[in-house]
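Right, one structure below, let's go through it.
What follows is calculated from the coordinates using simple rules that are stated; it is not laboratory data. Remember, predicted model here, so these are calculated numbers, not experimental data. Please note: Cβ atoms are built from the backbone with ideal geometry, for glycine as well, and neighbour counts cover all protein chains shown.
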Amino acid sequence: MKIAITGKGGVGKTTLTSLLACHYAARGRAVLAIDADPSPCLGPALGFPADKLLELTPIAEMRELIAERTGSSLGEAAGNFFKLNPRVSDLPERFSQEHNGIRLLLLGAVQQGGAGCICPASTLLKQLVRHVMLQRHEVVLLDLYAGVEHLGRGTAEAVDVMLAVAEPTHRSMRTVAQIRALAADIGIERLLLVGNKTGSEADRRFFSENSPGIPLIGCLDASPAAVAADRSGQVLYGLDRQLATDIAAIAERIESALAGTRRTEERSQSFV
């Protein structure tokens, strides 16, 4: 199962990703968590020890690797030709770390060229994400960086489901509406909404009443334990029993949504 998590900056994408990763790992599933933020923070949220975090470098910052795999000069196109399908199959194992049943890979982000840039670094990252989504068999969680620019690159086109995370504000929901439009442009059909930082029934109703046609599959309440976990370096999943219960319900609804989609596809094929 391949899940991408997106939304406006600060809405809790990393919190949701870490909770889902811990949920699946606790159930014996192999998990690959990918941090695509230019300022990675998924590792601490997952409780990775400092020595393992020091061993991790975002792929986007590995200029020599990018140059080697794409045939470019230190990862820069400089007007020259470079490979559009570089070899990436060995990268997840070589440049990741494992802790408590979760493998963590830092993707990073290309800091140049804009949404449509075609450069060696962006080409390698896109190929790596496609490989992970299409060829690997564990639960893959892709924690995307803030906003919707990554969708313009099409790096998440092979996901099984995309989760749009929002807080109960209109600005956050406007970003969700943008995500919906751009996801449709690249063919992502399974887009689900998760509300975060709720504190009342009114907050939870806000998501249902303002969703741009995206099914709401659950809400996570604002939790004092989240602040405590961030300060102490502990894993949030083990600190808040209610959050663990809520994330289990969200995971179940993801599975149900995917199962429903598969049944619909099977019925459609039976008429062909």
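In segment 1-110, the C-alpha radius of gyration followed by the widest Cα-Cα span (Dmax) gives 15.4, 49 angstrom.
Annotation note: trypsin sites (Lys or Arg not before Pro) in segment 175-238 located in DSSP loop regions with a Cβ neighbour count of at most 16 within 10 Å are absent.
For segment 1-55, the set of trypsin sites (Lys or Arg not before Pro) satisfying both a DSSP loop assignment and a count of at most 15 other C-beta atoms within 10 Å is given as Arg27, Arg29.
The reciprocal of the average 1/r between distinct C-alpha atoms defines the Kirkwood hydrodynamic radius, which for the chain equals 19.2 Å.
If exposed GluC sites (Glu not before Pro) are those in a DSSP loop with at most 12 other Cβ within 10 Å, what is the longest stretch of the chain that has none? Longest run free of exposed loop sites: 56-188.
Here is how the number arises for the chain: DSSP H runs of 4 or more residues each give -39500 (n - 2.57), the sum is divided by the residue count, and the result at 222 nm is -13500 deg cm²/dmol.
Of all DSSP-defined beta bridges confined to the chain, some 15% are antiparallel rather than parallel.
Of the residues Pro92, Pro44, Pro224, the one that moves most in a GNM of the chain with alpha-carbon contacts below 10 Å is Pro224.
Between helix 120-135 and the chain there is an angle of about 50 degrees, using the helix long axis and the longest principal axis of the Cα atoms. For segment 13-88, chymotrypsin sites (Phe, Trp or Tyr not before Pro) are listed when DSSP marks them as loop and at most 13 other Cβ atoms sit within 10 Å of their Cβ; the list is Phe81. Each of Asp230, Asp51 has some number of other Cβ atoms within 10 Å of its Cβ, and from fewest to most they run Asp51, Asp230.
With 26 Å as the limit on Cα-Cα distance, the pairs of Lys8/Lys52; Lys52/Lys83; Lys2/Lys52; Lys52/Lys197; Lys13/Lys52 that go past it are Lys8/Lys52; Lys52/Lys83; Lys52/Lys197.
Once the Cα atoms are used to define both axes, helix 170-185 deviates from the longest principal axis of the chain by about 50 degrees. On C-alpha positions alone, give me the angle between the axis of helix 241-270 and the longest principal axis of the chain, in degrees, nearest 10. In the chain, helix 241-270 runs at an angle near 70 degrees to the longest axis.
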